[in-house]
Amino acid sequence: MKLIICNKEYIIDDNKIKRDSLLSILTYIKTKLDNTLSFRSGCRSGVCGSCAIRVNGVEKLACKTHLEDGDIVEPLKNTTIIKDLVVDISSQALCIKKAKANLEEKSNQTITSLDQKNIDLQSNCILCNSCYSSCPVFEVNKEFIGPFALTRAYRYVNDKKEDNIQAKIDTVQKDGIWDCTLCGNCNMVCPERIDIKNDIMMLRNKSAQMGYSDPNIGSFDGGFNTNMDFGFNPNGF
Amino acid sequence: MIDILIIGSGGAGLSAALEAKKNGANVLVVSKTYPTQSQTCQAQGGINGVLSLKNNGDCIENHIKDTLKSAHGLGDEEAINFMCKESENTISWLDNLGVPFSRDEENNIAQRSLGGASNPRACYSSDYTGLKILHTLYDKCLQENIEFLNEHMLLNFIIEEQCIKGITALDIATTKVKQLLAKKVIIATGGYGGLYHGFTTNSSATTGDSIAIALKCGIELSNMEYVQFHPTALKKSFVLMSESARGEGGYLVTKDGTRFVDELLPRDVVARAIIEKMQEGEEVFLDLRHLGVQKIKQAMPQEYDLALEFAKKRLDTDLLPIMPAAHYTMGGIDTDMYGKTSIKNLYAIGECSSNGVHGANRLGGNSLLEIITFGRLCSNNVLSTLNGTTIEQKEYFTYQEDIKNIDTILSLPNEIDFYNIKKLLGVEFYKNVGLFRTKEKLETTLKKVQQWKGQLPKMGVTDKSKKYNTNLLEFIEFSNMLQLSEVVILSALKREESRGAHYRSDYPHEVKSFAKKIVSKNKKTLQVEFI
């Protein structure tokens, strides 16, 4: 079978493709066919987030993905390619900082099992950067706080241990929750199946409760920022 | 000037960094990967703690007793006492940073049983405990503006007159060698499970680099023969199925559904029972079917997904084929409980260190407890001795040599493919330096390792570029692995008894007079001695 990895064609045994994960195949290519091929990997079990790439344009973790004949493997988008499948992910720290995604002021509230469950899914984020790669807003606005950092912000906003929700809500207003088009691409590619779009909507609700409003509403174009053309929405919503 | 340079960004490194920063020190964290890609993210089961609010019959003395029992006479009582007494503070420190620990009906932190524990003692966050601890620590580090130098690989310690001056590191993106000077250096780079390449639950980055470099620099290592095998890794992929699966009531069975071992015995005993069954020609499975889908999904959501994704099995309806895998290395850089090494101002914490807290075998739930507790302790201790340390700002000899060394590696002939040898090394180690060791098996592998070491100058890399050269990175890792392989085997040969995780089929009993650690040191020649 034929695979195209970073614009280079590789012929791989049919059985190998059927049996092995993409990460195993990349390792096979690296060790047997082309020592120069570069990619990140770590835990091989979907929790370290290092092996995120794109297959036929869709973000995947290489360790959890199986390929088919003719598949095209490429690096993540919306960032600089360092080499082959390795991209610059240094901006993730800036996004987390910008979103103030941390516990600012510890409250003394009792935490129940339900409280913990309310932030369980969001705190499963493995920082694989897939959502950033898939995000059409990030593509045009590099200042956008972006999907995982907003979900992370919501994880702390929704955490009963946090006493200073206001600071977080304040910080996600600019280049944050209102810039999101709610296209849902991030949800589609998140390997942890985090409902990022919903988290952003929840942050909007919380913001509205705290006196903020959508800056796009009431503008002359009736709420749609026509300067931002994201083209075809592959998800149809 | 950097006050404290921390190498490694897992739970130990980040805890140390937070403590140091809180106390006003100038901290730099240097990491081979990005912080959240560290091995800590794979810890699933939990973190042990005796919580005073709970009335579940547990007490600190029980925790100490269980830990000492598991350590089989090689435990350091002072370190174990400290860790167990401090456990509630450690858990509460993490809880206050925001780690979302699961709660029980009384709104206390929930706890579960893990192997070798006399009480349900492991605090957890569903079965993503390590991941959630690591990410919470990282969020906090970013808030505190702690500086990170990611994707920089340790090359050497700069040591003059038995005192550390800093390190040299390779910038992976540019292949540039950098000299980083600091008053104090803390090593927190994880273990050497990678020696069992292809048969380990560990990340591919767990290659024991700092331990090998420490050995080369004349720093003492100890307990290197001690490697823990986890009983339940998925067959073929070697993805870890957490001990929580057995803690929650899972069985180990043969194909006909027969149980053959008490699943909550220490990991080495369970792992050996599985290998024995496999040697009888049986396949061994993890059986959770009786627990029901609701309990499995609620208590072990990650396990459920992992089984489905990596073995195509449903835990509620299928038997899951498993086999033991190298999981944790108890040995490492010899330290006291404050992380002090045999070099002044150089410290080691977490899995890369050997401070006696696990002795001959580690108790489930004690590794997360160790990295956080001793990460913080070491950092605080280092801070108290910071004043008065000065480092001469100059280009050190080690730095100049390392620049040449990288060029030398890039010009090696590559007549022998090191990737092939790395694969063979993993097979040899699993077969001969694994759960059942004998003099003959160990010597066979030692001979091969020594031969491969001699062939290193004939190996090398085909990728000669200086841009994110993972071929080069993996070759350096492989060289480090070979250095350590020899020490592990020599230590295992030296220990002519069976104790804890070290089992010698030719010496199947514990020998009282061997209740002491084996220390390895490079003094012109490699010396491996009981101390």
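Every number in this text was worked out from the coordinates using simple rules, so none of it is lab data. Computed from a predicted structure; not experimentally measured. In this analysis, Cβ positions are derived from the backbone assuming ideal geometry, glycine residues included, and neighbour counts consider all displayed protein chains.
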| remark: Cα convex hull volume per residue for the protein assembly as shown, in Å³, equals 160
| query | What ranking, highest mean first, results for peptides B:303-312, B:113-122 when packing means the other Cβ atoms within 10 Å averaged over each residue? | reply | B:113-122, B:303-312
| said: Rounded to the nearest 20 debye, what is the charge dipole size of the protein assembly as shown about its Cα centre when +1 sits on each Lys and Arg Cβ and -1 on each Asp and Glu Cβ? | reply: 1040
| Hey, if you put +1 on the Cβ of every Lys and Arg and -1 on every Asp and Glu Cβ in the protein assembly as shown, which of B:I164, B:A110, B:G24 ends up farthest toward the positive end of that dipole? | B:I164
| query | Mean residue ellipticity at 222 nm from the helices of chain A, using -39,500 (n - 2.57) per DSSP H segment of n ≥ 4 over the full residue count, to the nearest 500 deg cm²/dmol? | reply | -8000 deg cm²/dmol
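Given the pairs B:K65/B:K277; A:K64/B:K236; B:K21/B:K344; A:K18/B:K313, which span a C-alpha to C-alpha distance of over 24 angstrom in this model?
Long pairs (Cα-Cα over 24 Å): B:K65/B:K277.
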| task | Using the number of other C-beta atoms within 10 angstrom as an exposure proxy, rank B:T385, B:T136 with the fewest first. | result | B:T385, B:T136
| query | Each residue of the stretch B:456-463 in order: what ³J(HN,Hα) in whole Hz does its phi give by Karplus 6.51 cos²θ - 1.76 cosθ + 1.60, θ = phi - 60°, with x for Gly and Pro? | reply | 3, x, 8, 8, x, 10, 8, 7
| field | Centre separation in Å (Cα based) which lies between the stretch B:429-478 and the stretch B:366-405 | value | 28
| Separation of alpha-carbon centers, the stretch B:87-155 and the stretch B:1-79, rounded to whole Å | 9
| Looking only at other chains, what is the average number of their beta-carbon atoms within 10 angstrom of each beta-carbon in A:122-130? | 5
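Where does chain B land at 222 nm, in deg cm²/dmol rounded to the nearest 500, when only DSSP H runs of n ≥ 4 count, each adding -39500 (n - 2.57), divided by all residues? Could the numbers behind the result be given before it?
Values: 14 runs with 193 residues, N = 531.
My calculation for chain B gives -11500 deg cm²/dmol from helical runs alone.
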| remark: The size of the Cβ-based charge dipole (Lys, Arg +1; Asp, Glu -1) of the stretch B:230-325 about the Cα centre, to the nearest 20 debye, is 200
| Residues of type aspartates and glutamates that B:K404 reaches as a straight line, Cα spacing below 16 Å, ignoring anything fewer than 8 places off in the same chain | B:D171, B:E395
| task | Write down the Kirkwood hydrodynamic radius of the stretch B:409-530, to one decimal in angstroms, obtained as one divided by the mean of 1/r over all alpha carbon pairs. | result | 15.9
| field | Cα-derived Rg over Rh, computed across chain B with Rh taken as Kirkwood radius | value | 0.95
| remark: Length gained if A:E68 through A:K32 is fully extended, taking 0.36 nm per residue and subtracting the Cα-Cα distance, is 10.9 nm
| Value in Å of the Kirkwood radius, where the stretch A:91-209 supplies the Cα pairs that are averaged | 14.2
| Which whole-Hz ³J(HN,Hα) couplings does the stretch B:143-160 yield from phi under the Karplus relation 6.51 cos²θ - 1.76 cosθ + 1.60, θ = phi - 60°, glycine and proline marked x? | 4, 7, 6, 6, 8, 10, 10, 7, 6, 10, 9, 4, 10, 7, 9, 8, 10, 10
| task | Would you please give the FRET efficiency between B:K22 and B:D256, computed as 1/(1 + (r/R0)^6) with r the Cβ-Cβ distance and R0 = 60 Å, to the nearest 0.05? | result | 0.55
| field | Hull shadow area, averaged, the stretch A:2-87 [alpha-carbon convex hull, nm²] | value | 5.1
| Looking only at other chains, what is the average number of their beta-carbon atoms within 10 angstrom of each beta-carbon in A:147-154? | 0
| So which of A:K8/B:K466; B:K32/B:K423; A:K60/B:K132; B:K32/B:K523; B:K448/B:K524; A:K8/A:K32 end up more than 24 Å apart, counting from Cα to Cα? | B:K32/B:K523
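Can you give me the orientation-averaged projected area of the convex hull built on the Cα atoms of chain A, in nm²?
It is 14.5 nm².
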| Which value, in nm² and rounded to one decimal, describes the direction-averaged projected area of the C-alpha convex hull of the stretch B:230-325? | 5.2
| said: Within 10 Å of each candidate Cβ there may be at most 16 other Cβ atoms; applying that plus a DSSP loop requirement, which GluC sites (Glu not before Pro) in the stretch B:136-232 survive? | reply: B:E144, B:E161
| query | Which listed residue (A:V140, A:G176, A:I165) has the Cα farthest towards the positive end of the charge dipole for the stretch A:134-183, taking +1 on Lys and Arg C-beta and -1 on Asp and Glu C-beta about the Cα centre? | reply | A:I165
| said: Show me the GluC sites (Glu not before Pro) within the stretch B:397-455 that DSSP assigns to loop and that have at most 10 other Cβ atoms within 10 Å of their Cβ. | reply: B:E415
| remark: Along the dipole axis of the stretch A:1-106 (charges at Cβ: +1 for Lys and Arg, -1 for Asp and Glu; origin at the Cα centre), the most positive-end residue among A:I89, A:S24, A:P75 is A:I89
| task | Averaging sequence separations of C-alpha pairs under 8 Å and six or more residues apart, then dividing by the length of chain A, give the relative contact order as a whole percent. | result | 17
| query | Quick one: Kirkwood hydrodynamic radius for the stretch B:29-163, alpha-carbon pairs, angstrom, one decimal? | reply | 16.9
| field | Peptide B:35-42, shielding by other chains (average Cβ, 10 Å cutoff) | value | 6
| request: Apply 1/(1 + (r/R0)^6) to the Cβ-Cβ distance of B:K404 and A:I217, taking R0 = 41 Å, and write down the FRET efficiency to the nearest 0.05. | output: 0.05
